[in-house]
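Okay, structure first, notes after.
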Amino acid sequence: MTMTNPNDDMLDDLFAQAREVKPVPSDDLMARVLADADSMLPSSGVMSAAQTSLWARIMDAIGGWPAVSGLAAATVAGVWVGVAPPASVEDLTASFIGDEVSISLFSTDLMFDAGALGDG
Amino acid sequence: MNVSPDPFAGAPDAALLVAYANGDGQAARLLTARLLPRVLAQATRMLGNQTEAEDVAQDAMMRVWKIAPDWRQDEAQVSTWLYRVVANLCTDRLRKRRSGVSLEEVAEPLDTTPSAVAQMQTQERMMALSNALSQLPERQAQAVSLRHLEGLANPEIAQIMDISVRSVESLTARGKRALADIMAGRKAELGYDDDEPE
């Protein structure tokens, strides 16, 4: 199917060489990108360090991401993000784990009043 | 100390993005480890220039951090979106290159061992290809790059560029023909003779 046009051959060879280009990011570039990530983190600190590790423990309990069937990953994360006050987490944990729950995605503002969760 | 296994193992990019948006630094590190190499590779192949590619890569990752709070799981895959971001950033650079100085001066190698000479030739070729891309209409340059530099299939390119598969086929065919014409006069210079490519 390919016409063996010499110009095409050269181009195909150039393409092949280009596809082989697989640069490894330098440490410096990695550091710059991570610094950017830090600078863009929400300053309100939606999740404190304690809540971050709590989330990690909850995911352990669920069985990790492969076990989260029937829920979009972002939905799950959105659910847990909304669980702001630690006191209500344990009750909610019991009701969410193991259930197939259909939850509509929250608005872009992932911080919402925990009181509203009671209506959901 | 928490010695539980990595809770992010196997998590999709979108989930990491949401986690990052909620302040999780580990998610940022893992996202960077996953995404930065791909982004850098795509940019390097289109631009043929390491420094410019690194700038584009950093810009693209900045867009990742910025969009994280608004990322919608049901809209697109992170990878699809990122291909588009990088392609657009690259064609922006190529457009500026068209109106600016040609960057094809490659420094004389200090050592003339065969491997160093070969490496220089590869750099020259990559830069020549990139400059040729800069002379194409931008949509053609993007389609050709996604098809022939990234090796993506037409349906995926259609998603990335938000066009029909037929349009992708048309753009890649025309773009490739145009590139071949642009490069035609440079065969000897780039180390190709009429028999076989080196």
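The values are calculated or read from the model by the stated rules, or taken from the named source; none is laboratory data. Not measured: the values here are computed from a predicted model. All Cβ positions, glycine included, derive from the backbone under ideal geometry; neighbour counts span all protein chains shown. Areas reflect the complete protein model, heavy atoms only, side chains present, ligands, DNA and RNA absent. Shrake-Rupley method; radii C 1.70, N 1.55, O 1.52, S 1.80 Å.
Work out the mean other chain Cβ neighbour count within 10 Å for the residues of B:70-77 and drop it here as an integer. Please report the intermediate quantities before stating the final value.
Details: counts 4, 2, 4, 8, 4, 0, 0, 0.
Per residue, the number of nearby Cβ atoms from other chains is 3 on average.
Shielding by partners for B:126-135, please: the mean number of other protein chain Cβ atoms within 10 Å of each residue's Cβ. Don't skip to the answer; put the middle values down first.
Details: counts 4, 0, 1, 5, 1, 0, 2, 0, 0, 0.
If you average over the peptide's residues, the count of other-chain Cβ atoms is 1.
Considering chain B as a Gaussian network with a 10 Å cut-off on Cα pairs, which listed residue, B:I67, B:I160, B:I182, attains the greatest mean-square fluctuation?
Result: B:I67 has the largest fluctuation of those listed.
So what's the angle, to the nearest 10 degrees on a 0 to 90 scale, between helix B:114-134 and the longest Cα principal axis of chain B?
That works out to roughly 80 degrees.
What ranking do B:34-41, B:165-172, A:20-27 get when scored by the average of other Cβ atoms within 10 Å per residue, highest first? Walk me through the numbers before you get to the answer.
Details: B:34-41: 20.8, B:165-172: 17.4, A:20-27: 13.1.
In descending order of packing, they fall as B:34-41, B:165-172, A:20-27.
By per-residue mean of other Cβ atoms within 10 Å, what is the highest-first order of B:117-127, B:87-97, B:53-63?
Numbers: B:117-127: 16.6, B:87-97: 19.4, B:53-63: 21.9.
So the peptides B:117-127, B:87-97, B:53-63, ranked by packing, come out B:53-63, B:87-97, B:117-127.
Please compute how much accessible surface disappears when B pairs with A, both sides summed, using a 1.4 Å probe, and round it to the nearest 100 Å². Each step should come with its number before you reach the end.
Details: alone 11710 and 9240 Å², together 16290 Å².
Accessible area lost upon association: around 4700 Å².
What is the sum of charges, Lys and Arg at +1 and Asp and Glu at -1, for the other residues whose Cβ falls under 10 Å from the Cβ of B:Q140?
Numbers: positive: B:R139, B:R174, B:K176, B:R177; negative: B:E138.
Local charge sum for B:Q140: +3.
Which whole number gives the average, over all residues in B:35-46, of C-beta atoms from other chains lying within 10 Å of the residue C-beta? Kindly include the intermediate steps, with their values, before the conclusion.
Values: counts 1, 6, 5, 1, 2, 8, 7, 1, 1, 4, 8, 1.
Per residue, the average neighbour count from other chains is 4.
Per residue of chain B, what 222 nm ellipticity follows from adding -39500 (n - 2.57) for every DSSP H run with n ≥ 4, rounded to the nearest 500?
Details: 8 runs with 127 residues, N = 198.
The helix contribution divided over chain B gives -21000 deg cm²/dmol.
To the nearest 10 degrees, how steep is helix B:165-184 against the longest Cα principal axis of chain B, on a 0 to 90 scale?
40
To the nearest 10 degrees, how steeply does helix B:25-47 sit against the main Cα axis of chain B, on a 0 to 90 scale?
The angle comes out near 20 degrees.
Setting aside same-chain residues fewer than 8 positions from B:K187, which lysines have a Cα under 26 Å from its Cα?
A:K22, B:K96, B:K176
Given Cα pairs under 8 Å that are at least 6 residues apart, what percent is the relative contact order of chain B? Please report the intermediate quantities before stating the final value.
Working: 175 pairs, mean separation 37.4, N = 198.
Relative contact order for chain B comes out at 19 percent.
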